[in-house]
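Q: Let me give you the structure first, and then I'll get to my questions.
We did not get these values from a lab; they are worked out from the coordinates using the rules stated. The model shown is predicted, which means the values in this text are computed figures rather than measured ones. A quick note on method: Cβ atoms are made from the backbone with ideal geometry, for glycine too, and the neighbour counts reach across all protein chains shown.
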Amino acid sequence: MPRDLPLGNGDFLVTFDSLYQLRVIYYPNVGEENDTVGAPLRCGGWVHGQVAVTGDDDGYRDVT
């Protein structure tokens, strides 16, 4: 399956899907073992009591 956002330098490669979930990490050799085992890893940030997480429907979770 193609990925929407690949970032790499020849020794390290990460790819993100259309929801900006981290899908693939290759290190130290690109193309060998996928360090995420194919499971999506979501990224997020916390600002003023709310967490914005990639892959959520609305993008926000209320943390109080």
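Q: Run the numbers for Val37 and Tyr20: contour at 0.36 nm per residue of separation, minus the present Cα-Cα distance, in nm. Write down the numbers at each step before the final one.
A: Values: separation 17, 0.36 × 17 = 6.12 nm, distance 1.71 nm.
So the extension gain works out to 4.4 nm.
Q: If packing is taken as the mean number of other Cβ atoms within 10 Å per residue, what is the order of 36-47, 11-22, highest first? Don't skip to the end; give the middle numbers.
A: On the way: 36-47: 11.2, 11-22: 16.0.
Ranking, from highest mean packing down: 11-22, 36-47.
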